[in-house]
4 protein chains.
Amino acid sequence: MNSFGRMFRISIFGESHGIQIGVVIDGCPPGIALSEDDLKNDFARRRAGGRGTTPRIEPDLPSIVSGVFRGKTTGAPLSIVFENTNIKSDDYDNLWDQPRPGHADYTARQKYGGFNDPRGGGHFSGRITLGIVAAGVVAKKILGSVTVAATLVEAGGSKNIASAVEEAIESKDSIGGLIECVCSNMPVRLGEPFFDSAEALIAHMIFAVPATRGIEFGSGFAAAAMKGSEHNDCITDGDGKTATNHASGINGGITNGNDIVFRVAIKPTSSIGLPQETYNFKEKAVSALLIEGRHDVCIAIRIPVVIECAAAIALADLMLCEGRYQ
Amino acid sequence: MNSFGRMFRISIFGESHGIQIGVVIDGCPPGIALSEDDLKNDFARRRAGGRGTTPRIEPDLPSIVSGVFRGKTTGAPLSIVFENTNIKSDDYDNLWDQPRPGHADYTARQKYGGFNDPRGGGHFSGRITLGIVAAGVVAKKILGSVTVAATLVEAGGSKNIASAVEEAIESKDSIGGLIECVCSNMPVRLGEPFFDSAEALIAHMIFAVPATRGIEFGSGFAAAAMKGSEHNDCITDGDGKTATNHASGINGGITNGNDIVFRVAIKPTSSIGLPQETYNFKEKAVSALLIEGRHDVCIAIRIPVVIECAAAIALADLMLCEGRYQ
Amino acid sequence: MNSFGRMFRISIFGESHGIQIGVVIDGCPPGIALSEDDLKNDFARRRAGGRGTTPRIEPDLPSIVSGVFRGKTTGAPLSIVFENTNIKSDDYDNLWDQPRPGHADYTARQKYGGFNDPRGGGHFSGRITLGIVAAGVVAKKILGSVTVAATLVEAGGSKNIASAVEEAIESKDSIGGLIECVCSNMPVRLGEPFFDSAEALIAHMIFAVPATRGIEFGSGFAAAAMKGSEHNDCITDGDGKTATNHASGINGGITNGNDIVFRVAIKPTSSIGLPQETYNFKEKAVSALLIEGRHDVCIAIRIPVVIECAAAIALADLMLCEGRYQ
Amino acid sequence: MNSFGRMFRISIFGESHGIQIGVVIDGCPPGIALSEDDLKNDFARRRAGGRGTTPRIEPDLPSIVSGVFRGKTTGAPLSIVFENTNIKSDDYDNLWDQPRPGHADYTARQKYGGFNDPRGGGHFSGRITLGIVAAGVVAKKILGSVTVAATLVEAGGSKNIASAVEEAIESKDSIGGLIECVCSNMPVRLGEPFFDSAEALIAHMIFAVPATRGIEFGSGFAAAAMKGSEHNDCITDGDGKTATNHASGINGGITNGNDIVFRVAIKPTSSIGLPQETYNFKEKAVSALLIEGRHDVCIAIRIPVVIECAAAIALADLMLCEGRYQ
């Protein structure tokens, strides 16, 4: 379903070119100061604008339409909505005939019997992640002293992100990226063995972010090639601090107080400026498709804040499940 | 919580040295032939015995104690339990004082206020994954023609698994491993955009398997260094088959009919035969710890079947949510 | 939490005097014709206007802001929102000092630490049931040939509802009512033994409707005084039709194809035109309170449609869980 | 599904004549003293034995097979199981042909395609409520000073329960009963507006108990005939105590600290000693059925402890959701 969380539950809705998109946040504790201004910073980070991002720039003006009274959360469901303003729908008329490679055009048509809204990707649009960001801003407030920070550490395989982007722009292609996220000042005790391990809930939320191809915690895939004597983290004090942090602050699914560090692989933007071969349902044959309009060359540039917010949502849920906030 | 699934829900319970461990499976459709014999093969795969695995070998005899009548599932909750027989508990007396690096000793004590069962890792034991394997065997029957197959493709960074294991045995150390899982004959339509994407649910289940450090789908972390023109999968026919499969059979969270391929990084076994430094709560100082007894040198050898079953559970849930089986 | 349902999940939000109230509906199958017009009839039934109902009459104009494209549901989350127009907030300034008897003023203050929105009852307002009605209209479409019809059968203990209402208006008091709901053309098979019995899910939804004091199915409370030979329903044909229907179409939690019939007791409106004694937190003593403004004399007049929609929501969820619609 | 609860989640399994029945309890806080002895009292209350109860008397010996270590709960899933000993299965051979009136024979066959276990009602047996009682005993410990007490207040419409039972025995018939349950020393703040109101969760659990026909809180169905000036409870002090308790200690879905009082209507036992007309699928006609064996004449005698435990489970979940215990 389009909701996540046991004690801090978010539900997102909306389509790229629909009337309103938004998020309903259930389980937010009362008394937290919250206004539309609080969303500005993370929204700016997510917004297009820099080199390599789409020229479709939405003002993204959020309205908090329920759950806040006199500037503070009330404990009732919190709803934050966004009107869509920059809607240009006629670009998408041929999607029914020739699904774009890498996009959900084909799967959406199959799943929903052709009733899905195809305009701008409809409900599959990355624009819907606005709701995740809004909920993440609220989640971070619940986290208190815990900080969550995600940054783009590589694009197109290069640490020199700017030049990789320029190169992609020139070649009319797109590139992927690698995001690292660090959660600091973590409390001990969050998460549970097996199904609701801290990793499982964070990974669940991260794979809710479109374009994610992989996640690794701590030593991650390198751990597969390590020895136990290297990988094990020596506990150095009574608070559980460890000398190394290969375990990413989690043992047996439960946080141990050290930082949670994870990396996320983001695929290259699916829409590119080059012609691509793909099946044409009308012609019943593979033919070339050129996607009109301009798009993000490296969507990974805009995703760190979404990853950060997704992680914050999972952590807020874990924290409220542990009964910490109230 | 210790349950997973919306339409196919499993709940596991038990401790390494407790009386009984098991799994309750809710939502299994009626009329599926099932007996204890069906579990034998996957249990044998999970069981210790080969080089590099622990000498604690349990018979692992399952009893189906509810939900089956005259050899077929009834539609009522299915329970499969295992008695523990090979219990040797006195090895674990000093765990309270000096938590083992890489294990959940410290986090369990903090989370449960010292009330957790420490014998053999208690509820954190890998032995509890027997329930996941049992549920996976049932899940695979629900999947029908869909096949799920996981194999160990590397250990200790080497494709020559046998020699890597021998080396680790000699050095009294442990090694990690890399597992690849392929889901074939997939139907189109499973999964949903965002929170219940096919990747999100599979990743959730995979991170429920102890020792998992990372998961990547399709091109995975390599996608971060790819170009869109390389990564996009060209659709080649009206059934959605693609020329490449970088997307791992999933677009927009929904299966497209191509194989789901994912890789899982497994950390080295935490228990090793070498002395390790770690904090001693009694002495209030770091001191050396030598873990007695013999353990798996490469737990990754025994995990492919668990990964396979975990994936099958997620897919069965997705399939029943889609209303396919009934 | 403020959501209900496993396969058809609704989340409501909003406050009586807030900017927007609404509902997000997740799991609605695609391809169902839906427009704002479809909501008119049930909204009119819920709306105030007749004798004994509040003079606050809202236009209740719904906007479907997501999940519908070209007049049909898309399968993506469906959101229906309402703007509040008739807001008169200064009536409620003294609520903090003297909680109104029968209202949630006291409990809301305790639960939310005084941060709840008190204007018009805030999130506790009966106005929030607009979202339940909107979701119910959608649910009824999913139900297909199943019909759900609720009517007020008694008010103030009398079957002559009009005269009971007039009497209450004259005495500046309020009265309760009895609602009967009949679900016809029921399929066999909905519901499960124990926790998700058809009765349990319907009752859960009905007690989500403010002012509900009781629910009984079939012979209901009279069954407590009956003999088995009277109460048992004789099955008369191979489709499971029964001669009597004391069981309300449900055996062992599962629908048997006969009508589900249940009755709901609605308490008298809490706000009355007479002075009432209650505790004054400022004066630290019991004192008389006169609630200003005019209110529904018999809220039960407006509730049948809400009960009907609540039941339809539970049935739609049961039906989708059974995999019937897709 | 066969589970209930958000923070205190129970899953029951088993069949009347199966190998093992039981309950898995997830979310039980650690450190609670628990042994099989704690279950004795409530099990004795539930057990048959007195006049009007079935001669099938099971020893009902529970085994706590996980989640307890050194006499205290560990925080890991708690499993309590029961072996079935008194199994006499040949009584039930003709159920397939002629479903018993009032039982789930017909609905189970339809829902599960004839694969359900029919012996003794299979999973529909009242015997499965042993798991609810076991979980209720644990729940009551979580409730601390809150007490929950249910008693049979009427049988067959009479307050003289003994004579009503004798009369039913003589006439080979069965009778229903009325149970009242009082929850005292309640904390303020449990429950939420709308879907997770205290009434909704309690009612959900109560309708999970087989034979329940209705539930009413506080003034209940009488409220439908009351005036607001009678029904409203005057708050008399700063702790929220009220002069009357028509609201059953709940306003707006949230507990107000006064007792929760509810009544439950229990239908007459479906199995009676008299011949009953019902459809015979083999003969394709209605014919007389005489149910062999002896059964409870008034199952309501044995149900108060189940109701009490069901309520305790709902309250424990509400309390843990409110973060009170940890």
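The values are calculated or read from the model by the stated rules, or taken from the named source; none is laboratory data. Keep in mind the model is a prediction, meaning the values are calculated, not measured. Positions of Cβ are backbone-derived with ideal geometry, glycine not excepted, and every protein chain shown enters the neighbour counts. Remember, those area values only see protein heavy atoms, side chains included, never the ligands or the DNA or RNA. Shrake-Rupley method; radii C 1.70, N 1.55, O 1.52, S 1.80 Å.
Assorted remarks:
- Assigned charges on the beta-carbon of Lys, Arg, Asp, Glu; chain D dipole about Cα centre (debye): 340 debye
- Helix B:161-170 vs. chain B, principal-axis angle (Cα, 0 to 90°, nearest 10): 10 degrees
- Helical mean residue ellipticity (222 nm; -39500 (n - 2.57) per DSSP H run of 4+; nearest 500) of chain B: -7000 deg cm²/dmol
- Placing +1 on the Cβ of every Lys and Arg and -1 on the Cβ of every Asp and Glu, with nothing else charged, gives the range C:170-236 a dipole about its Cα centre of roughly 40 debye.
- Accessible area in the full protein assembly, largest first, 1.4 Å probe, for A:123, B:103: B:103, A:123
- Taking only protein heavy atoms and a 1.4 Å probe, the accessible area of the range C:1-55 is 49% carbon and sulfur.
- Percent RCO, i.e. relative contact order, over chain C, from Cα pairs under 8 Å lying at least 6 residues apart: 23 percent
- Working from label points 7 Å from Cα in the Cα-to-Cβ sense, the residue B:294 to residue A:185 distance is 5.0 nm.
- For the range A:155-209 versus the range C:126-180, the inter-centroid distance based on Cα atoms is 52 Å.
- Accessible area buried between chains C and D, both sides summed, probe 1.4 Å, in Å² to nearest 100: 7600 Å²
- Contact with the other protein chains removes 30 Å² or more of accessible area, compared with the isolated chain and a 1.4 Å probe, from these residues of the range D:57-81: D:65, D:66, D:69, D:74, D:76, D:77.
- Shape call, chain D: gyration tensor on alpha carbons, a/c limit 1.5: oblate
- Nearest-ten-degree value, helix C:129-143 long axis tilted from longest Cα axis of chain C: 10 degrees
- Sites residue B:244 and residue B:41 - FRET efficiency at Förster radius 22 Å, r taken between beta-carbons, to 0.05: 0.10
- Pairs with C-alpha atoms separated by more than 23 Å, drawn from the list C:241/D:159; A:241/D:72; B:111/D:40; C:172/C:267, are C:241/D:159; A:241/D:72; B:111/D:40.
- Counting from the shortest, the label point at residue C:59, 7 Å from Cα toward Cβ, is 2.3, 7.5, 7.7 nm from the same position in each remaining copy.
- Taking trypsin sites (Lys or Arg not before Pro) across the range B:112-213, the ones in a DSSP loop with at most 11 further Cβ atoms lying within 10 angstrom of their Cβ are B:159.
- Here residue D:145 and residue C:147 are evaluated by their C-beta separation; at R0 = 41 Å the FRET efficiency comes out at 0.30.
- For residue D:292, the distances from its label point to the matching points in the remaining copies are 6.0, 7.7, 7.9 nm, ordered from shortest, with each point set 7 Å beyond Cα toward Cβ.
- Placing a label point 7 Å from the Cα of residue D:83 along the Cα-to-Cβ direction, the distances to the matching points in the other copies come to 0.8, 7.1, 7.2 nm, shortest first.
- Projecting the Cα atoms of A:11, A:178, A:232 onto the dipole axis of the range A:3-321, where Lys and Arg carry +1 and Asp and Glu carry -1 at the beta carbon, places A:11 farthest toward the positive end.
- Solvent-accessible surface (1.4 Å probe) assigned to residue D:115 amounts to roughly 70 Å².
- Working from Cα pairs under 8 Å separated by at least six residues, relative contact order for the range B:148-300 is 30 percent.
- The residues of chain A expose, per residue, 31 Å² of accessible area to a 1.4 Å probe.
- Loop-located trypsin sites (Lys or Arg not before Pro) in the range A:262-292, at most 16 other Cβ atoms within 10 Å (DSSP): A:282, A:284
- Of all chain B C-beta atoms, the nearest to the rotation axis linking B with C is recorded, alongside its rounded Å distance, as B:323, 2.
- Helix D:304-321 axis, angle to chain D major axis (alpha carbon atoms, nearest 10°): 40 degrees
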